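Where a number appears in this text, it was derived from the coordinates with a stated rule and is not lab data. These numbers come from a predicted model, not from an experiment. As a convention, Cβ positions derive from the backbone with ideal geometry for all residues, glycine included, and neighbour counts pool all protein chains shown.
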Amino acid sequence: MKSADSELFSIAQAVAEAAGALLLRERPVILHAQAKSSPTDAVTEMDKRAETLIVTMLSEARPHDGVLGEEGANRPTKTNVRWIVDPLDGTVNYLYGLPLWSVSIAAEVDGAVCVGVVDVPALGRRYAAVRGSGATCATAEGVRPLAASAVNDLGMSLVATGFGYASEGRARQATIVADLLPRVRDIRRLGSAALDLCLVGDGQLDAYYETGLNPWDVAAGALIAEEAGARIRGAVGAWPDGGMALAAAPGIFSAMEESLGLRPY
Ligand code: LIP
């Protein structure tokens, strides 16, 4: 691991752990939400508190780096590093007291994500990856390497997806999942893109796809999935984008591309 990546990795781990601990330990019993892009697109005080903590820690560690965050952080970089953060991915799950939410911290170096950490406090898991060095999951029992599943039959695959907050987009997403459902083992909708991507890397999902995501939803999880041996892509290129985020076990990647109508890039 390059020394520069090692420094970024250490910072990402510390920031993700601190934000995850804040969200887990200081969640109010009564948590209120405000609406963002639609009445169902929720943001809570905890999303904002977590992002404030993340930006503060990053600024102390590397004051001249750029930062892009879901809740408004948007500082241009004066170095070759930009942090892409989702302080609370799976906000609706968190609001309802469900455990499937995460903190996603990614470091982009010269335009490519090189470090990713996804902390899943309610599950006691911290997924991480450094480009070229594989992906891991840390739990109370220790640190284990990740590996995508060996499935090679789409009809026996567990596929996750997600849906946006605008009703017209959801209608289009519904037609995609309706077409896919009879072709696969089953569908899951877990509610956190970052976690979905990590679970593909962990072999607990065979594939995940979603349209309409933002850079902070996918930056860390996509690297973790790729470093774990999954294949990833977007609508128009090798990295997930707003048009499509796809991560799949290698044995079903082409079948997923075909099912989703993705052309070779
Ligand atoms: C969520 C994503 C999820 C998507 C939800 C939402 P948020 O991010 O992680 O995959 O289906 O609609 O966008 O809003 O909880 O940070």
Value of D in µm² per second that Stokes-Einstein yields for segment 98-154, Kirkwood Rh from Cα pairs, at 20 °C (1.002 mPa s):
167 µm²/s
With a point put 7 Å past each Cα toward its Cβ, work out how far Arg183 is from Arg263 in nm, to one decimal.
1.8 nm
Compute, for segment 3-145, the length of the dipole vector about the Cα centre, with Cβ point charges of +1 (Lys, Arg) and -1 (Asp, Glu) only. Units Debye, rounded to 20.
100 debye
Provide the gained length on full extension for the span Arg25 to Glu60, in nm with one decimal, where the gain is 0.36 nm per separating residue minus the Cα-Cα distance.
10.3 nm
Rule-of-thumb Rg ratio for the chain [Cα; 2.2 N^0.38 Å; N residues]:
0.95
For a quick size check, give me the Cα extents of segment 154-259 along its three principal axes, largest first, whole Å.
34, 31, 24
Could you sort 2-13, 178-189 so that the peptide with the highest average Cβ count within 10 Å comes first and the rest follow in order?
2-13, 178-189
If I take all pairs of Cα atoms in segment 1-52, what percentage of them are more than 19 Å from each other?
45 percent
At 15 angstrom or more along the helix axis (alpha-carbon based) and mean Kyte-Doolittle of -0.5 or higher, what helices does the chain contain? Whole DSSP H runs only.
3-25, 45-61, 167-180, 215-227
Report the calculated FRET efficiency for Ser254 and Ala35 (r = Cβ-Cβ distance, R0 = 35 Å), to the nearest 0.05.
0.30
Can you give me the relative contact order of the chain as a percent, contacts being Cα pairs under 8 Å and 6 or more apart?
16 percent
List the trypsin sites (Lys or Arg not before Pro) within segment 41-134 that fall in a DSSP loop (any state other than H, G, I, E or B) and whose Cβ has at most 15 other Cβ atoms within 10 Å.
Lys78
Taking Cα pairs under 8 Å and at least six residues apart, what relative contact order does segment 187-265 come out at, in percent?
28 percent
Rounded, prolate or oblate (a/c below 1.5 giving rounded, otherwise prolate when a/b exceeds b/c) for segment 113-186 by Cα gyration tensor:
prolate
Over the alpha carbons of segment 3-145, what is the largest minus smallest coordinate on each principal axis, giving the biggest first in Å?
44, 38, 24
